[in-house]
Amino acid sequence: MFISEQEVRATLGYRTLIPAIRQALVDYSGGLVDQPARMILGTGNGEGSPNGWFAVMPVIAADLMGVKTVTFYPGNGEFGLHTHMAVIELLSRATGEPLAVMDGRLITEMRTAAVSAVALDALGSPAVRSMGILGSGVQARSHLEALRMVRPGLSDIRIWSRTRAHAERLAAEVGARAVNLEEAARADVVLTATSSPVPVLEGRWLGLHSLVLAVGAVGAALRELDDEAMLSSLIVAESRSCAERESGDVRLSGARVDAEIGEIVSGTVAVPKNRRIVFKSVGMAIEDLAGARLVWQARSDQAPGKQAGSPKCIEQI
């Protein structure tokens, strides 16, 4: 079956996605996921054409195999297109049979926010009330919805964007305030969701016990946080190897990843008290598989003529 983005939107919600992502991260850190390094190719377009990259992300977990192909073209906004676009294919691990192909753009957007929600729930105080958002794009909106699922008390939302009008528009839509960069950075929780290739968040602005959710600037040569923010904080990542390979925030600062979020959620590693924490997310194929699994299961359950208990892999979800 082919599942469109419209069908994904009608099927996938954070109430089911966040627990699925939580378990996927625990499984990854527990060694239950076969996930090779993401392959990234520069498109190398000619002069006058926008350049981007094309990535392939395969994974095997439990009864399913999956592969996401994803593109990133930062100039697509000029053409009214999304900067990120993706397709996910699901296959049976038992037989290799293709099960579904679905649009992966919205799944990528939502699973990124769901990962941050898992991190906030595991690392953030239940008493947090203020959140600063650096960026005003797709991820800013999706994160606000997901993070409020685990911390409904978030009431003081501060939004900063390089383009003030964008911050003001988003703030009006979600009941937040458009503020300057320093005020956003002083919040209890700070989300960095920009496309900046150089640091925009400085450690000197952060509180001693801040939690930073860093989801933008994915790439070994890109970064959103300066050295002080990285080196003065406990660093938690989805994956040590992925962050050390793909995150400029980690690589260029010389910071060390102290723990994986799956280790903390499972109780294998304890969260130190009274420490500033940076959670660095670069995105992983197992997260895409977790979201795609939920969509495929729901669509399979709705399929005409579906027999109870078939196929077998639906029973195991």
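The values are calculated or read from the model by the stated rules, or taken from the named source; none is laboratory data. Since this is a predicted model, take the numbers as computed values, not measurements. Every residue, glycine as well, gets a Cβ built from its backbone with ideal geometry; the counts of neighbours run over all protein chains shown. Calculation scope for accessible area: heavy atoms of the full protein, side chains included, ligands and nucleic acids excluded. Shrake-Rupley method; radii C 1.70, N 1.55, O 1.52, S 1.80 Å.
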(request) Would you be able to tell me the number of residues in segment 6-34 that are outside any helix (DSSP H, G or I) and surrounded by fewer than 20 Cβ atoms within 10 Å (Cβ to Cβ)? (result) 5
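Being closer than 28 Å to Gly42 by Cα, in contact (Cβ under 8 Å) with a residue 60 or more places away in the chain and among the charged types (D, E, K, R) is true for just one of Glu244, Glu238, Glu260. Which residue is that? Explain how you work it out, then say what you get.
Working: Glu244 fails: in contact (Cβ under 8 Å) with a residue 60 or more places away in the chain; Glu260 fails: closer than 28 Å to Gly42 by Cα.
Step by step, each of Glu244, Glu238, Glu260 is checked, and only Glu238 is closer than 28 Å to Gly42 by Cα, in contact (Cβ under 8 Å) with a residue 60 or more places away in the chain and among the charged types (D, E, K, R).
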(request) Return the pairs, sorted by first residue and then second, in which the second residue is open to solvent by 80 Å² or more (accessible area, probe 1.4 Å), the first residue lies in segment 73-84 and is modelled with pLDDT under 85, the beta carbons are less than 7 Å apart, and the residues are 6+ apart or on different chains. (result) Pro74/Ser195
(request) State all residues of segment 248-289 that are in contact with a strand residue (DSSP E or B) (Cβ under 7 Å, 6 or more places away or on another chain), assigned to a helix (DSSP H, G or I) and closer than 17 Å to Ala193 by Cβ; if no residue qualifies, say none. (result) Gly248, Asp249
(request) Would you please name the residue that is modelled with the lowest pLDDT, looking only at residues in segment 97-126 that are open to solvent by 20 Å² or more (accessible area, probe 1.4 Å) and among the small types (Gly, Ala, Ser)? (result) Ser125
(request) Please specify each residue of segment 187-246 satisfying the condition of being open to solvent by less than 30 Å² (accessible area, probe 1.4 Å) and of a type in the set (S, T, N, Q). (result) Thr192, Thr194, Ser196, Ser210, Ser233, Ser239
(message) Please count how many residues of segment 64-81 are under 16 Å from Asp288 (Cβ atoms) and outside any strand (DSSP E or B).
(response) 0
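Among the residues of segment 290-317, what is the count of those that are part of a helix (DSSP H, G or I) and at pLDDT below 85?
Pass one, segment 290-317, residues part of a helix (DSSP H, G or I): 290-302, 312-315.
Narrowing further to those that are at pLDDT below 85: 301-302, 312-315.
Number satisfying all stated conditions: 6.
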